[in-house]
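Chemist: Please read through the structure below; I'll follow up with questions.
Readers should treat all values here as calculations from the given coordinates under stated rules, not as data from a laboratory. Treat the numbers as computed from the prediction; the structure is a model and nothing was measured. Cβ placement follows ideal geometry from the backbone for every residue including glycine, while neighbour counts extend to all protein chains displayed.
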2 protein chains.
Amino acid sequence: MQKIGKQTVKFDVPPTISATASIVGPKEADGPLASYFDQCLDDEFWGEKSWEKAESKIIKETVNMAIAKSGIPSEKIDYCFAGDLLNQCISSSFGLRELNIPFLGIFGACSTFVEALCLASVFLESGAGEHAICAASSHFCSAEKQFRFPLELGNQRPPTSQWTVTGAGCAVVSKNGYGPYITHITPGKIIDMGIKDANNMGAAMAPAALDTLITHFKDTGRNPSYYDAIFTGDLGYIGKDILIEMSESKGYQIKSNYNDCGVMIFNKEKQDTHSGGSGCACCGSVFSGYLFKMLQQKKYKKILLIATGALTNSTTSQQGESIPGIAHAVAIEL
Amino acid sequence: MQKIGKQTVKFDVPPTISATASIVGPKEADGPLASYFDQCLDDEFWGEKSWEKAESKIIKETVNMAIAKSGIPSEKIDYCFAGDLLNQCISSSFGLRELNIPFLGIFGACSTFVEALCLASVFLESGAGEHAICAASSHFCSAEKQFRFPLELGNQRPPTSQWTVTGAGCAVVSKNGYGPYITHITPGKIIDMGIKDANNMGAAMAPAALDTLITHFKDTGRNPSYYDAIFTGDLGYIGKDILIEMSESKGYQIKSNYNDCGVMIFNKEKQDTHSGGSGCACCGSVFSGYLFKMLQQKKYKKILLIATGALTNSTTSQQGESIPGIAHAVAIEL
C-alpha cells in the first residue's frame, strides 16, 4: 500500500469484502430497504430482558451470520474490529465475548463501521492476517435512554433530531478474493465547528464529512463523478443538504449521485423520524444489507462510503461543550 | 510483516518508539515513580471546571509534549490512535479535537494504550504512514463518578478495589528510527471467566492476561526468561498474584521478572490504594514515564508489555452481567 496525498491510503492489492450480514429492528422493517436486510425483528427486545442485552444479541447474531455466509471457518478469522454507541462499547464487547477471535475495540461514534473497514483493510493488505470482521451496532431504545431521556417520559423530539437505527451490520473482509474491493481509505480528522445543539447531529457532523470528502478527492485526483454513487452514513436530511451546499461552495457538485444512509433507511412521509436515521447501525446495516447487494449485482461499480460520527455525550452537552465531528471514507470498487 | 502462530504479528522492519510523554496527578506525584513523569499536577482540576475537562487537558498536553519531544512536525504525523475510559471516549476526542491529525478512536478499557501501539505498528510497517501518536488517559475523579459513586459520598472501598490513575501517556511511533523497536504484537481475545465483582477488576482481567501471555510465548517460541522484564498494565496486587499462580500452573515461571504497572505506581505502605493502580493511564504513564527511560538507558533491552482491560460498565453490573476481560501485548526490544 502507499499513502497518497494528505490522508489517503491506496492499496496495491486491495482487500475484498467477502460477505456481509445485517439484522434490523421493527421500524427499519417498515422502511423502504426492508427486503434487503437479512433479518427483521418483530420487537426491540428480541426475547432479552433489557435493550442493552438485545443490542448485544443483535450484533452477535449479525456477526455469526456474516461468518456463516462467508464460508470462512471462524478459527481462520484473524481479527474482529467492532464498536457501538453504548457507554464503554458494551454491546460489542458483551455480544462478541464468545467469538474467540482477537478483538480490537474501536469508538468512532456513528463512523465506527467505516473506521473498522479502514483498520481491517490496512491489517489485511499488510500481511497481518487473512480475514477480519468489521461490525457495529446501535439500538434506538438503548441510545435514547443513554444519550437523551428515558423513553417512558415520551419527550417531544425537535424537527432536527434523528432516529437511531436499531440493528447491526457486519462485513467479513479478506486479503484475497473476487471483490468488491476496498481500494482506498481516507481516515478523517476531528472537526468541531462549534455546533452545540445535541438534537442537530447532522449539522454538527456535516463539516467533518465535507473535510474528508474534499481531502479524498484531492488526495486521489478523483472528482464526484468518478463514483457511481457517494453515500454518507447518517447525516440525515439536514446534514445532507448542508453537505451538498458546502461541497458546491468548494467547487464539488455531488447532488446528482449522493445520498445518505439515514435518508434512505426510513420513509419520510410514512415514518415520522424527523431528520432521518442515525447510529452506528445506520451506515452498517444499509451498507451490509443494501449497498453490498447493489455492488454484487453490479448496479454500482464504484462507491464512496463516508461514515460520520458525533464524538459527544450527555455530560459534555451539560458542561456546555460543542460537538466534535469525524468522518472516515472508504472507496469500494469492483 | 508476518503472522506467526495463532495471534502474533512479527515485524520485518520493526517500528520505533521515537518519543514518549507523561503527565500525572497529585497522588501519582507522591508515588515511587514521580521523578520519571514529565509533569506532576498539584490538583485534580488543573484550572478546569470539571474533572472531564481536566482529563481532556491532560491528554492534550501530554500529546503535545510527546510531539515536541519527538522533534517531528505535527503535520508529518499521519495518525492518532487514542482512547480513554469515559463514556464515548470524550476525554480523548475533546482533548485532541484541535490536533488536526487523522483520528482513529479506540476503546480497549485499560488496555487502550497497548491496543494503540498494536494498531500504529501495523499501520506504519505496512506503509500507510511514517509516524503515529498512541495516547490514553484516565482520571480518578471522573472514573469514580462515572463507574462507581459520587466522590462526595465518601463511600468505603473494598480491599480488592484499585485506584484509577490520574494522568495520560503518549508514545510517538515511527516507521523508521533507532529504537526501542516494537518487534511483535499479540492482540488478545475477550475472555470472560464469570467474575461479577466490579470491585475486583484484577481477578476479572487476569485470565485474559494469562491467555495473551501464553499465546505470545507459544506463537513466538519464546519463554518468560527471554525478556528482561514482563509488565502487565493494571492487574494490581490481587491480579498480579493470580497471574503468577495461573502461569505457573501452565508451566511458565514469570515470578522473577514480572511486575505490574498498577503495583509499581503507588507505594503500598504509604499510599492506601488497596489493590494498586488501574486505568488507561496506569500502563500509559508508567510505560511513557518510567519504562521508556529504562529502555533508553539500556537497563532493559527486551520487555513484554501486556495491558489488560475490563470491558464493562455500571449498567452491565446492575444487569447482573459478568466482566469480560481483554489483554493486548507488545514486545519492545533494543
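Chemist: Ratio of Rg to Rh for the stretch B:85-205, alpha carbon only, Kirkwood? The partial results should precede the final answer.
Modeler: Details: Rg = 17.0 Å, Rh = 16.6 Å.
A ratio of 1.02.
Chemist: What dipole magnitude, in Debye to the nearest 20, does the protein assembly as shown give about its Cα centre under +1 on Lys/Arg Cβ and -1 on Asp/Glu Cβ? Each step should come with its number before you reach the end.
Modeler: Working: 58 positive and 68 negative charges, 285 e Å.
I would put it at about 1360 debye.
Chemist: Then there is this: What does the charge count near B:ILE101 come to, summing +1 for each Lys or Arg and -1 for each Asp or Glu among other residues with Cβ under 13 Å from its Cβ?
Modeler: Once all neighbours under 13 Å are counted, the net charge is 0.
Chemist: Taking a point 7 angstrom from the Cα of B:MET193 along the C-beta vector, which residues in the stretch B:290-317 have backbone N less than 16 Å away?
Modeler: B:308-311
Chemist: Pairs of alpha-carbon atoms within less than 8 angstrom and 6+ residues apart define the contacts here; what relative contact order does the stretch B:70-123 have, in percent?
Modeler: Working: 57 pairs, mean separation 21.6, N = 54.
Reported as a whole number, the value is 40 percent.
Chemist: At R0 = 51 Å, how high is the FRET efficiency between B:GLU98 and B:SER249 if r is their beta carbon distance? Nearest 0.05 is fine.
Modeler: Values: r = 50 Å, r/R0 = 0.97.
E(calc), rounded to 0.05, equals 0.55.
Chemist: Across peptide A:115-128, how many C-beta atoms of other chains are within 10 Å of each residue C-beta, on average? Walk me through the intermediate numbers first.
Modeler: Details: counts 4, 0, 0, 4, 6, 0, 2, 9, 9, 1, 3, 13, 8, 14.
Mean inter-chain Cβ contacts per residue within 10 Å come to 5.
Chemist: Can you give me the distance in nm between label points at A:SER256 and B:GLN271, each placed 7 Å from the Cα along the Cα-to-Cβ direction?
Modeler: 6.5
Chemist: Based on DSSP H runs of at least 4 residues, each adding -39500 (n - 2.57), what is the mean residue ellipticity at 222 nm of the protein assembly as shown after dividing by all its residues, to the nearest 500 deg cm²/dmol?
Modeler: On the way: 22 runs with 213 residues, N = 668.
Result for the protein assembly as shown: -9500 deg cm²/dmol, rounded to the nearest 500.
Chemist: Going highest first, how would you order A:255-262, A:242-249, A:117-124, B:198-205 by mean Cβ packing within 10 Å?
Modeler: Numbers: A:255-262: 21.4, A:242-249: 17.5, A:117-124: 27.9, B:198-205: 25.2.
Answer by packing, highest mean first, reads A:117-124, B:198-205, A:255-262, A:242-249.
Chemist: I'd like to compare A:128-139, B:219-230, B:17-28, A:207-218: which one has the highest average count of other Cβ atoms within 10 Å, and what's the full order after that? The partial results should precede the final answer.
Modeler: On the way: A:128-139: 29.2, B:219-230: 16.9, B:17-28: 25.4, A:207-218: 23.7.
With the highest mean Cβ count within 10 Å placed first, the list reads A:128-139, B:17-28, A:207-218, B:219-230.
Chemist: Can you check what the net charge comes to around B:LYS145, using other residues whose Cβ is under 12 Å from the Cβ of B:LYS145 (Lys, Arg +1; Asp, Glu -1)?
Modeler: On the way: positive: B:ARG148; negative: B:GLU44, B:GLU52, B:GLU55, B:GLU144, B:GLU152.
Value of the local net charge: -4.
Chemist: Tell me the net charge near A:ASP228. Cut-off is 11 Å between Cβ atoms, A:ASP228 excluded, with +1 for each Lys or Arg and -1 for each Asp or Glu. Intermediate values should be presented prior to the final figure.
Modeler: Values: positive: A:LYS298, A:LYS299, A:LYS301, A:LYS302; negative: A:GLU333.
Surrounding charge for A:ASP228 is +3.
Chemist: Another question about this same structure. Using the alpha carbons of the protein assembly as shown, what is the convex hull volume per residue in cubic angstrom, as a whole number?
Modeler: Details: hull volume 90.1 nm³, N = 668.
Normalising the Cα hull of the protein assembly as shown by residue number yields 135 Å³.
Chemist: Considering every residue in A:311-322, what mean count of other chain Cβ atoms within 10 Å of its Cβ is obtained?
Modeler: Working: counts 10, 4, 8, 2, 9, 11, 0, 1, 7, 3, 7, 2.
Other-chain Cβ atoms within 10 Å of each residue's Cβ, averaged: 5.
Chemist: Now for a separate question. If the limit is 21 Å between Cα atoms, which of A:LYS49/B:LYS196; A:LYS10/B:LYS76; B:LYS268/B:LYS302 go over it? Intermediate values should be presented prior to the final figure.
Modeler: Details: A:LYS49/B:LYS196 18 Å; A:LYS10/B:LYS76 18 Å; B:LYS268/B:LYS302 27 Å.
The pairs that break the limit, which is 21 Å between Cα atoms, are B:LYS268/B:LYS302.
Chemist: List the pairs from A:LYS3/A:LYS298; A:LYS53/A:LYS145; B:LYS69/B:LYS175; B:LYS27/B:LYS270; A:LYS189/B:LYS189; B:LYS3/B:LYS218 whose alpha-carbon separation is above 19 Å, in the order I gave them. Intermediate values should be presented prior to the final figure.
Modeler: Details: A:LYS3/A:LYS298 28 Å; A:LYS53/A:LYS145 14 Å; B:LYS69/B:LYS175 17 Å; B:LYS27/B:LYS270 11 Å; A:LYS189/B:LYS189 29 Å; B:LYS3/B:LYS218 13 Å.
From the list (A:LYS3/A:LYS298; A:LYS53/A:LYS145; B:LYS69/B:LYS175; B:LYS27/B:LYS270; A:LYS189/B:LYS189; B:LYS3/B:LYS218), the Cα-Cα distance tops 19 Å for A:LYS3/A:LYS298; A:LYS189/B:LYS189.
Chemist: Another one. Assuming R0 = 30 Å, can you tell me the calculated FRET efficiency for the pair B:ILE4 and A:ILE4, based on Cβ-Cβ distance, to the nearest 0.05?
Modeler: According to the calculation, E is roughly 0.50.
Chemist: Per the Cauchy relation, a quarter of the hull surface: what is the mean projected area of the convex hull of the alpha carbons in the stretch B:2-174, in nm²? Write out the running numbers ahead of the final one.
Modeler: Working: hull surface 46.2 nm².
Computed as one quarter of the Cα hull surface, the answer is 11.5 nm².
Chemist: Let me ask something else about it. Among the lysines, select those whose C-alpha is under 16 Å from the C-alpha of A:LYS301, and discard any that sit fewer than 8 residues away in the same chain.
Modeler: Counting by Cα, and skipping residues close in sequence, A:LYS301 has these lysines nearby: A:LYS293.
Chemist: Same structure, new question: One-quarter of the Cα convex hull surface for the stretch B:181-333, in nm²? Intermediate results must be reported in sequence, preceding the final value.
Modeler: Values: hull surface 35.6 nm².
Average of the hull's projected areas for the stretch B:181-333 equals 8.9 nm².
Chemist: Take the alpha carbon atoms of the stretch B:7-84, find their radius of gyration, then divide it by 2.2 N^0.38 Å using N residues; give the quotient. Please report the intermediate quantities before stating the final value.
Modeler: Values: Rg = 15.4 Å, N = 78, 2.2 N^0.38 = 11.5 Å.
Here the answer is 1.34, to two decimals.
Chemist: Still on this model: Report, to one decimal in Å, the Kirkwood hydrodynamic radius for chain A based on all distinct Cα pairs.
Modeler: Working: mean 1/r = 0.0520 Å⁻¹.
After inverting the mean inverse Cα-Cα distance, the result is 19.2 Å.
Chemist: Still on this structure: With both partners inside chain B, how many of the DSSP beta bridges are antiparallel, as a percent to the nearest 5? Display every interim value, and only then the final one.
Modeler: Numbers: 37 of 58 bridges.
Restricted to chain B, the bridges split so that about 65 percent are antiparallel.
Chemist: Which residue, A:SER317, A:SER275, A:THR232, has the largest displacement toward the positive end of the dipole of the stretch A:181-333 when charges sit on each Cβ (Lys, Arg +1; Asp, Glu -1)?
Modeler: It is A:THR232, whose Cα lies furthest towards the positive end.
Chemist: Which whole number gives the average count of other chain Cβ atoms within 10 Å of the Cβ atoms across peptide B:190-199?
Modeler: Values: counts 13, 3, 4, 0, 0, 0, 0, 0, 0, 0.
Taking all residues of B:190-199 together, the mean is 2.
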